[in-house]
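Taking it in order: structure first as structure tokens, then the write-up.
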Amino acid sequence: MASVGQTGVVRLFAALQPPDAVLTQLRSAVRPLRTLPGADRLRWTPPPGWHITLAFFGEVPEEKRSALEGRLFRAARRYPAFPLHLAGGGRFGDRVLWVGVQGARRTLVRLAGSAAAAGRREHLGLEERAYHPHLTLARARGRTPADLRPLVTALDDFTGDPWQVTELVLLRSRLPASGVPGEQPRYERVAAWPLAAG
Ligand code: 2AM
């Protein structure tokens, strides 16, 4: 378990971590994108931290942490293992470039809903926005919009190998010290629970 920060709160989110072989494939697909015009003006997410967010809990007070973890453990064991693969590109407006997630998407969306419900029952401030499965590859810097369309097109033909999702992971996000240009959050695995139904 990660140690609790000095303020007694930690920034936590539930996620899936694709296996290393899939991340290696994605890395190879992303490498040529980084040489396209405008790509150097984006902040590219470092491959070791690549994940598919299920639910973002924000700052979780220490006293709610074990109850949240218990709820996530119980949610995970209600689901069977299920297959996913990464495929194609997409974007959120002119700010976020991502790779899509395909396969047992209905199960994925239900699992994400259960993870969000676990947070809501602990009265954590979850956003109500619709869940859109994705793995973020790059973000626009600051307020500068970016033309992400050529990068999305370049990912059209990418399809990664399928893998079997067998666990729900709790990750901690450590924000960079403010004022460090280009610094990104670091993610740390705090806990993982098996999908154990069936
Ligand atoms: P993103 O990939 O779409 O940026 C850790 O911050 C993870 O939680 C990121 O993958 C991020 O999604 C996701 N997330 C969802 N809502 C968030 C929020 N309000 N603030 C920060 N991250 C959020």
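The values are calculated or read from the model by the stated rules, or taken from the named source; none is laboratory data. Computed from a prediction, not measured in an experiment: that's the story for all the values here. Heads up, the Cβs are rebuilt from the backbone with ideal geometry, glycines too, and the neighbour counts pull from every protein chain shown. Areas reflect the complete protein model, heavy atoms only, side chains present, ligands, DNA and RNA absent. Shrake-Rupley method; radii C 1.70, N 1.55, O 1.52, S 1.80 Å.
Things worth noting here:
- Cβ-defined net charge surrounding residue 185, 9 Å radius [Lys, Arg +1; Asp, Glu -1]: +2
- Principal-axis tilt of helix 62-76 within the chain, Cα atoms, nearest 10 degrees: 80
- For the stretch 12-93, the relative contact order is 44 percent, taking Cα pairs closer than 8 Å that sit 6 or more residues apart in sequence and dividing their mean separation by the residue count.
- Taking the longest Cα principal axis of the chain as reference, the axis of helix 20-30 is set at about 30 degrees.
- In this structure the chain gives 53 Å² per residue of accessible area when probed at 1.4 Å with all protein chains present.
- Degrees between helix 105-121 axis and first principal axis of the chain (Cα, 0 to 90, nearest 10): 50
- Structural size metrics of the chain, computed from C-alpha coordinates, are Rg and Dmax of 17.0, 49 Å.
- Among the protein heavy atoms of the stretch 1-150, carbon and sulfur supply 51% of the accessible surface, probe 1.4 Å, non-protein parts ignored.
- Per principal axis, descending, Cα span of the stretch 1-70 in whole Å: 47, 27, 19
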